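Notes to accompany the following structure.
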2 protein chains.
Amino acid sequence: MTRDDAMARDLADPVAQLRHRFDLPDGLIYLDGNSLGPPPVGVLKRITAVVADEWGTGLIGSWNAHDWIGLPARVGAKIARLIGAAEDSVVAGDSTSVQLFKLLVAASRLRPDRRVIVTESSIFPTDSYIAASVARLIGAEIHWCGPSDVEASLDDGVAALVLTHIDYRSGWMHDAAAVTAAAHSVGALACWDLCHSAGVVPVNLAEWDADFAVGCGYKYLNGGPGAPAFAYVHPRWHDSLDQPLSGWLGHADPFAFEQSYRPAPGIRRVQTGTPDVLSMSALDAALDAFDDVSMTELRAKSLALTDYFIALADERLAPFGVTVEAPREHNRRGSQVCLRHPEAYGLVQALLARGVVSDFRTPDVARFGFAPLYVKFVDIWDAVDAAASVLANGEFSRPEYGTRRFVT
Amino acid sequence: MTRDDAMARDLADPVAQLRHRFDLPDGLIYLDGNSLGPPPVGVLKRITAVVADEWGTGLIGSWNAHDWIGLPARVGAKIARLIGAAEDSVVAGDSTSVQLFKLLVAASRLRPDRRVIVTESSIFPTDSYIAASVARLIGAEIHWCGPSDVEASLDDGVAALVLTHIDYRSGWMHDAAAVTAAAHSVGALACWDLCHSAGVVPVNLAEWDADFAVGCGYKYLNGGPGAPAFAYVHPRWHDSLDQPLSGWLGHADPFAFEQSYRPAPGIRRVQTGTPDVLSMSALDAALDAFDDVSMTELRAKSLALTDYFIALADERLAPFGVTVEAPREHNRRGSQVCLRHPEAYGLVQALLARGVVSDFRTPDVARFGFAPLYVKFVDIWDAVDAAASVLANGEFSRPEYGTRRFVT
């Protein structure tokens, strides 16, 4: 495996031209799209138009003239196409945590006699914090499971199962259809966190028969830092869903200003407050990067990228005590690979100084994300080459580590 | 009262030059800043820099380099100065509905033996929907009161009182200090909705001794459509506040990725998900329009504007069957005035066609907001003149009224 080989792979890559849909700084190797996607080229133009024209000139009239009020559903429909959902079963807004709270309380109300929520101990912490808060509010308890004993944790006392489709650290991916079926076999509802899946691996919520799903807009969907999240509700629950953040935009007739809440029909009842038009417009424009893109082709490239990184890391980094952590089976692998090393933090910082962006996850994980829309094979070759050089020379970098700072 | 008189008032207005801090379309009379404030001039530049440079070039590193992670507190501190709160007692984020949900559940947990929430039947509906949802979740009940019998509704069974400082329709303003004291006298906690107050009337949460407050960023704060909201928590509750949307950004150490939630010290525990950087940055830039502005001077101008509108409407519109609804006493008046008329919807639409923006509130209210940062006295003269012409000639306009559209 040589750098020329990597360049040959890029030349043969059928989706290589999609990289032109992004504004990436020259010379930067960005392997952190699993934390924050870069801006697709249309975003700046769109956000400028929204501020200057829609807001600045159209003012309040743009709620109608530019259908701001319809943005959550419109953006939801675009995301729906990427996650195998009916267009009218996804809505954008709020944060992943807030959306999960809504759906978990709603799930518990659909299973009023059950008082257990099952989730994984390795789930992204905000999900576990929210699940615990919901359990406390409704008088339920959390049963923790590991990725391999999910089915054994299910029984007829379980109201809802909440899992992350792809683990944020290990990149391990569930067989979501099988797990959903197992949940249904005991009468439990299945809720999926798609933060590390949407836009990068094929997701088919309809085929999985999932009840609920949430995900964020700022990783592989490239919607911008802290972009609006999304919520999916299976159509079978649209008219019985009873969620607790019952704000005015989820009301059947928000502008009737009725004193009592009447939920809107369909997915719109998941909405809460006034939609955040600036961020939602950025996400809307960002999603155009997926126009005419085949998720099957993206998945094929993603697997080729992770295969290549794993092979190079095995060959060039393992000798320095690095453990390459990623599922070796394709059907269990997301689009990221972790390297474990006692100096992972220093490695990530040293790579950053060399123009290679990855991120650190405590205590010893260097995490590399491979967004097939814009990552090149030669990026991977260069990143591993840089990591080998850092490891060989012990050039770890350890700038101040503040507990309240964002860790990259 | 003549148009020349209005122009003379503008010439004598000590804060007239603040209008240059806004990008307002030429010729437009904008009396709807109580629904959506226009963009201050710095917003476009800031949002362009955030997208192109901070996000596009800085990418994930901008969480630290541009302190994105600190935005909710930084924006909160700017808002705090406008509402008489300690700088570290306000945080920006989410929507008003979501923030109210957090604080009401938290309030109920601070008063675990009490199971009543008191609120006004005329409160903005999203507040009543959220209060009802909280009551249902915690097994409490709502007691509804009117604006004048709040104190009579309080007893030692009341956990929390939720009121809107200024009524969204009538513009009626509570004596918040007195009402807060009444709540405290029975051991209840007081939560204020400042949506129609923040940035336009003097608010002094510390002096009121309020326990909690929420408000939106898109009205008189001019943060953009659906801008992030804010939450205030009195410092006495900072370390006991126990809110249910316990997402990772409210954790004491978000990047330790602990399995269990440990709330951050201080106001930061009110945060939930990843901050929405684009919208939060727009709000941050918008708040600079308040630099060196005296809330006392703004209030004086606001009262002069509403006095002028009321006097003109009494003289020129009342003869056509219009009822001018606004508290006549200054200390009970917000910064808006409503006109009631059976054809209010048609009046608002006809004014819009003449370049005068107000809004309609069902069933018969035409609502006019007077933002002292940019509204001129001559705007008011022209608006009333246009309304008189519409009423005199019966030129009401009634475009299609869709229930799911935003109503202006």
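Averaged across orientations, what area in nm² does the convex hull of the alpha carbons in chain A project?
Working: hull surface 81.8 nm².
For the Cα atoms of chain A, the hull's average projected area reads 20.4 nm².
Could you give the angle, 0 to 90 degrees to the nearest 10, between helix B:295-316's Cα long axis and the longest principal axis of the Cα atoms of chain B?
Its long axis makes an angle of about 40 degrees.
Write down the radius of gyration of the protein assembly as shown and its Dmax, each obtained from C-alpha positions, in Å.
In order Rg, Dmax, the Cα atoms of the protein assembly as shown give 27.1, 91 Å.
Over all directions, how big on average is the projection of the convex hull of the alpha-carbon atoms in the stretch A:186-332, in square nanometres?
12.6
Give me the dipole magnitude in Debye, nearest 20, for the stretch B:181-257 about the Cα centre, with unit charges on the beta carbon: positive for Lys and Arg, negative for Asp and Glu.
Numbers: 2 positive and 7 negative charges, 51 e Å.
That gives the stretch B:181-257 a dipole magnitude of about 240 debye.
Applying the Karplus parametrisation 6.51 cos²θ - 1.76 cosθ + 1.60 with θ = phi - 60° to the phi angles of the stretch A:254-268, what ³J(HN,Hα) value in whole Hz is obtained for each residue in order, glycine and proline being reported as x?
Values per residue, Gly and Pro as x: x, 8, 7, 6, 6, 6, 9, 7, 10, x, 5, x, x, 5, 4 Hz.
Accessible area drop of at least 50 Å² (1.4 Å probe, protein heavy atoms): which residues of the stretch A:204-227 qualify, relative to the chain alone?
A:Pro225, A:Gly226
Which angle between 0 and 90 degrees, to the nearest 10, do you get for helix A:71-82 versus the longest principal axis of chain A when only C-alpha atoms count?
Helix A:71-82 sits at roughly 50 degrees to that axis.
Just the number, please: carbon plus sulfur as a percent of the accessible area of chain A, 1.4 Å probe, no ligands or DNA/RNA counted.
51
Please work out the Cα convex hull volume for the stretch A:70-218 and give it in Å³ per residue.
Dividing the Cα hull volume of the stretch A:70-218 by its residue count gives 100 Å³.
Relative to the compact globular guide of 2.2 N^0.38 Å, what is the alpha carbon radius of gyration of the stretch B:278-408, as a ratio?
Rg over 2.2 N^0.38 Å, computed on Cα atoms: 1.14.
Would you mind listing the distances between the A:Thr48 label point and the same position in each other copy? Use 7 Å along Cα-to-C-beta, nm, one decimal, shortest first.
Its label point is 0.6 nm from the equivalent points in the other copies.
What is the distance in Å between the Cα centres of the stretch A:172-201 and the stretch B:52-79?
34
Which percent, to the nearest 5, of DSSP beta bridges fully inside chain A are antiparallel?
So the antiparallel bridges amount to about 55 percent of the total.
Output the direction-averaged projected area (hull surface divided by four) of the convex hull of the alpha-carbon atoms of the stretch B:263-316, in nm².
About 7.0 nm², averaged over all directions.
For the protein assembly as shown, please report how many Lys pairs fall under 28 Å Cα to Cα, leaving out neighbours fewer than 8 apart on the same chain.
The result is 28.
Note down the accessible area of B:Ile69, probe 1.4 Å, to the nearest 10 Å².
20
Count charges around B:Thr96 for me, please; just the other residues with Cβ under 14 Å from its Cβ, Lys/Arg as +1, Asp/Glu as -1.
That sum, taken over residues with Cβ under 14 Å, equals -3.
How far is helix B:176-185 tilted, in degrees, relative to the longest principal axis of the Cα atoms in chain B, given as a value from 0 to 90 rounded to the nearest 10?
So the helix axis and the longest Cα principal axis differ by about 40 degrees.
Kindly provide the helix-only [θ] at 222 nm of chain B, computed as the sum of -39,500 (n - 2.57) over DSSP H runs of four or more divided by all residues, to the nearest 500 deg cm²/dmol?
-10000 deg cm²/dmol
Going 7 Å from Cα along the Cα-Cβ axis for the label, what nanometre distances separate B:Ala311 from the same residue across the other copies?
Those separations, rounded to one decimal, come out as 8.4 nm.
At a probe size of 1.4 Å, how large is the accessible area of A:Tyr129, to the nearest 10 Å²?
Approximately 0 Å² for this residue.
Please name whichever of A:Ala229, A:Ala386, B:Tyr374 sits farthest to the positive end of the charge dipole of the protein assembly as shown, dipole taken about the Cα centre and charges placed at Cβ: Lys and Arg +1, Asp and Glu -1.
Working it through, the farthest residue towards the positive pole turns out to be A:Ala229.
For A:Lys102, B:Lys78, write out the residues from largest to smallest accessible area, computed with a 1.4 angstrom probe and no ligands counted.
Heavy-atom accessible area, descending, gives B:Lys78, A:Lys102.
For label points placed 7 Å from Cα toward Cβ, what is the shortest-first list of nm distances from A:Ala300 to its copies?
In nanometres, ordered from closest: 7.4.
Translational diffusion coefficient of the stretch A:237-295 at 10 °C, 1.306 mPa s, Stokes-Einstein with Kirkwood Rh over Cα pairs, in µm²/s as a whole number. Before the final figure, lay out the partial values.
Working: Rh = 13.3 Å.
Answer, rounded: 120 µm²/s.
Quick one: 3J(HN,Hα) in Hz for the stretch A:281-292, Karplus 6.51/-1.76/1.60 with θ = phi - 60°, rounded, Gly and Pro as x.
Result, ordered by residue: 5, 4, 5, 4, 5, 4, 5, 5, 4, 8, 4, 6 Hz.
Please report the base-10 log of the normalised intensity I(q)/I(0) for the stretch A:169-242, using a Debye sum with one equal scatterer per alpha carbon and no solvent, at each q in 0.24 (1/Å).
-1.15
At 0.890 mPa s and 25 °C, plugging the Kirkwood radius over alpha-carbon pairs of the stretch B:138-209 into Stokes-Einstein gives what diffusion coefficient in µm²/s?
192
Where the eigenvalues come from the Cα gyration tensor of the stretch A:140-269, what are the semi-axes √(5λ) of the equivalent ellipsoid, largest first, in whole Å?
After scaling each eigenvalue by five and taking roots: 28, 20, 13 Å.
The values are calculated or read from the model by the stated rules, or taken from the named source; none is laboratory data. These numbers come from a predicted model, not from an experiment. Ideal geometry is used to build each Cβ from the backbone, glycine not excepted, and the neighbour counts take in all protein chains shown. Ligands, DNA and RNA are stripped out before the accessible areas are found, and what is left, the full protein with its side chains, is counted by its heavy atoms. Shrake-Rupley method; radii C 1.70, N 1.55, O 1.52, S 1.80 Å.
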